[in-house]
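Structure first, then comments.
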Amino acid sequence: MLIRARAVAVSGALLAALALAVPAGSAAQDKKKQPKLDKDQQRELQAIVKVVDEAQAGGQAAPSDFPITLQYHFQKARDQRTFIPLTMAFPKEQVTNTSVVYYVRVVPQSEAASPAGNGEKDAKQEKGRPEYPFEDIQFFDLKAPDGGQYVVTRAISVPPGKFDLYVLMGERTPKDKKAQPPKRSLVKQAVTVPDFWSNELMTSSIILSNKAEQLSAPPSEADMAANPFIFGLTRLTPSLDNKFSKKDELSIIFMIYNTVAAQGGKPDVKVEYNFHQKLAGGGEKFFNRTEPQNFNAQTLPPQFDAAAGHQLVGGLSIPLASFPEGDYRLEIKISDVAGNKTKTENVNLSIAS
């Protein structure tokens, strides 16, 4: 059975140079782009860096005043780096001050746990501190909560490899010294960043969403910094748990990398979407599929040019009203006809009434 689906309203030729993909080093380390911190922010930065230093060295337990759900996706950036949008969600009732500080640090797993580093690293240190593949601090006010939680999105950019990701989110320190101390939580996550710069057929992370908004104008740099899930003129809100309602319209989006050019210079790629329903007693059965999605000289814009950095953007929007409640496995099969290669990605999701 075929599912009625429509293409996500995203340009088929999305530039590889995503707005927040940093070419070399982190945006936090680009002094030209960094706003100057006031004295209170400088003191806050020093205190937060000390907290993360101690957690990294294993000398002190990380603060955990409220739970943080951390989600990340991988996309190909420029200059041999990977763009990683981050989503952080935490309960609104556990945060009383909506003026917050956000700090992120990326540490290679091959290096010593201590932030002091070793002799070789010391030579690269700036003002006695190690240089990390990515490090950033931001001060901002939380937007209106989404249901019962605050959701914050930001992004980092790092080369391929294995890293420890440290993310701290917390309330700003009150100026009244008699006030309650700020609530803060630090999350550490081991991350293996894929190498999208090989010759292998690959895809970005598969993003599932039930909320796709069309923008009336191209986003500004500030818009992209606060919401890295903007693709062309489409802004997605990724699902944190891949749980959807029968009333939802499921949006799927991802990029396809390293395809071979067919005759005429355009790729020749077919994408198939198959849904398998998981059975209560174990196993699964085929449920339905969509029409294959084709990217070739006939379907791509005339100006599409992979050599110029344009990417193939796969994706569909599917109404879920006809899906029975339950758990599913979405199988996405990508066939590079010109390159004679295939790749299959699998994503689990649930549908409830």
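Coordinate-derived values only; no laboratory data. On a predicted model such as this, the values are computed, not experimentally measured, just so you know. Methodologically, a virtual Cβ is constructed for each residue, glycine included, from the backbone with ideal geometry; neighbour enumeration extends over all protein chains shown.
Structure summary
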read-out: Model label zone, Asn97; criterion: amide N under 20 Å from point 7 Å along Cα-to-beta-carbon; scope the range 39-58; value: 39-53
read-out: Ranked packing of 51-62, 274-285, most packed first, by mean Cβ within 10 Å; value: 51-62, 274-285
read-out: Relative contact order of the range 188-267, pairs being alpha-carbon contacts under 8 Å that are 6 or more residues apart, as %; value: 42 percent
read-out: Added length on full extension, which subtracts the Cα-Cα distance from 0.36 nm per residue, Ala144 to Val347; value: 70.1 nm
read-out: Using alpha-carbon coordinates, inclination of helix 39-57 to the longest axis of the chain, degrees; value: 70 degrees
read-out: Overall form of the range 126-269 per C-alpha gyration tensor (a/c, 1.5; a/b vs b/c); value: oblate
read-out: Within-14-Å neighbourhood charge of Gly161 [Cβ basis; K, R +1; D, E -1]; value: -1
read-out: Given charges at beta-carbon only (K, R positive; D, E negative), |dipole| of the chain in Debye; value: 380 debye
read-out: Radius 11 Å from Cβ of Pro228, net charge of other residues (Lys, Arg +1; Asp, Glu -1); value: +1
read-out: Overall form of the range 121-200 per C-alpha gyration tensor (a/c, 1.5; a/b vs b/c); value: oblate
read-out: Value at 222 nm in deg cm²/dmol, rounded to 500, when DSSP H runs of n ≥ 4 in the chain each add -39,500 (n - 2.57); value: -2500 deg cm²/dmol
read-out: Within a Gaussian network of the chain (alpha carbon springs, distance under 10 Å), most fluctuating of Thr237, Thr82, Thr290; value: Thr290
read-out: The range 195-353 - share of DSSP beta bridges that are antiparallel (%, nearest 5); value: 95 percent
read-out: Within the range 232-271, backbone nitrogen closer than 19 Å to the virtual label 7 Å beyond the Cα of Asp223 toward Cβ; value: 232-238
read-out: Value of relative contact order over the range 242-290, rounded to a whole percent, pairs C-alpha under 8 Å and six or more apart; value: 22 percent
read-out: Computed E for Arg329/Ala297 - FRET, C-beta separation, R0 22 angstrom, nearest 0.05; value: 0.10
read-out: Max mean-square fluctuation residue, GNM over the chain, Cα-Cα springs under 10 Å, options Ala225, Ala179, Ala89; value: Ala179
read-out: Entries in Lys243/Lys278; Lys92/Lys183; Lys50/Lys183; Lys76/Lys243 that, when Cα-Cα distance is taken, lie over 18 Å; value: Lys76/Lys243
read-out: Most mobile listed residue (Phe66, Phe83, Phe286) in the chain, GNM with C-alpha springs under 10 Å; value: Phe286
read-out: Those chymotrypsin sites (Phe, Trp or Tyr not before Pro) in the range 203-256 that DSSP places in a loop and that have at most 15 other beta carbons within 10 Å; value: none
